[in-house]
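The values are calculated or read from the model by the stated rules, or taken from the named source; none is laboratory data. Note that the structure is predicted; figures quoted are calculated from it, not measured. When we count neighbours, we look across all protein chains shown, and the Cβ atoms used for this are built from the backbone with ideal geometry, even at glycine.
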Amino acid sequence: MSSVSTTPLHPSGFVVQVHASIMEVMNDPAAMAELKQQWMHSPVMIFRRQSLDEPDLVRFTEYFGRCETSGRKDIQSPYQEQIIYFSTLKYNDGRFVGGFAGGEDVDWHSDQTFQVRPATGAILYGTEVPRDGGDIYWADQFGAWDLLPEDVKTLIDGRTGVYRYAKRYAMMNATELRDKAKANAMLSLPDARHPVVLTHPHTGRKALYADQTTLVEIEGLTPEQNERILPLLFATGGDPSLVYRHKVHNGDLMMWDNGCLLHRRDVMKIEQPRLMKRTTFRLSPAEHCVPHA
Ligand SMILES: [Fe+2]
């Protein structure tokens, strides 16, 4: 393979479908290099009809960044510690195999923003996808920055936000964390502080980093300013012009950069089987918008 063929799935080009077999690309260093380059410009990449086992999924992930081992032991793969499951399936003892088993929708957010050092790379691989519902949406946060009024840009650029897990816990359904001890540990996490605007190291483009599920205030603004500005940032982040909606099929592998995107998911049918496999990985600040140096 000499080049990787892609098709844009949104007019701005922030989402592309990659027409390639991941197993073949992994054996072609030139194609892998091309893919990494493309990802800097198109932070959502979708590969359809892939067939990867768990070690291959981790191996593919590690081309893009150091794969994290999840702290969520309750939804971890029993075979591969870097993989967590989202699933409606159950083990013999009645426990759900993975998280988000209830099927509720998940509102706009960015992963791990409540962590002091978020890992912003994410891959979600659908091995068994419900036929109805469960569409996934991404919103381009470079575009969100561009949409903001100039006075708001001036007010927030260079400032630090306070990101708190307790806000997410209160907003999202409690089934997200059924294990009370784990929930209490998460709720006692210290606040994380990140820039509310991130800059891409190659293109210089700015991205809004305002996760409505965790961002509680922007330091240096008055309470009145925060009250006015935060809802505006959250609404702009999900502006329909910035959104791509994806109908997920079995075998879809979706890779995205949480440093410059929001994502959400529709409600799902819980009586239909679902098994999604997720890896999370740490991106290089030399190549991506990351909320810490
Ligand atoms: Fe997420």
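Quick notes on this structure:
- Filter result (β-branched (Val, Ile, Thr) and either assigned to a helix (DSSP H, G or I) or within 30 Å of residue 48 (Cα to Cα) (or both)) within region 220-243: 229, 236, 243
- Residue list for region 86-105, restricted to those being within 16 Å of the ligand (Cβ to nearest atom) and in contact with a Phe, Trp or Tyr (Cβ under 7 Å, 6 or more places away or on another chain): 86, 87, 98, 99, 100
- Residue within region 170-182 that is buried (at least 21 other Cβ atoms within 10 Å of the Cβ) and more than 16 Å from the ligand (Cβ to nearest atom) present: no
- Test: residue in region 69-76 that is of a type in the set (Val, Ile, Thr) and more than 16 Å from the ligand (Cβ to nearest atom): yes
- Matching residues in region 216-235 - criterion: being in contact (Cβ under 8 Å) with a residue 40 or more places away in the chain and closer than 14 Å to residue 107 by Cα: 234
- Unique residue being under 28 Å from residue 133 (Cα atoms) and touching a Leu at 6+ places or on another chain (Cβ under 9 Å) when the list is 65, 99, 103, 13: 99
- Within the set 136, 156, 83, the sole residue that is within 16 Å of the ligand (Cβ to nearest atom), closer than 30 Å to residue 12 by Cα and at pLDDT 95 or above turns out to be 136.
- Taking strands (runs of 3 or more DSSP E) as the structural unit, those lying wholly within region 244-293 and holding at least 3 residues that are farther than 22 Å from residue 36 by Cβ and within 16 Å of the ligand (Cβ to nearest atom) correspond to 261-265.
- Residues in region 106-133 that are modelled with pLDDT under 90 and within 16 Å of the ligand (Cβ to nearest atom): 106 alone.
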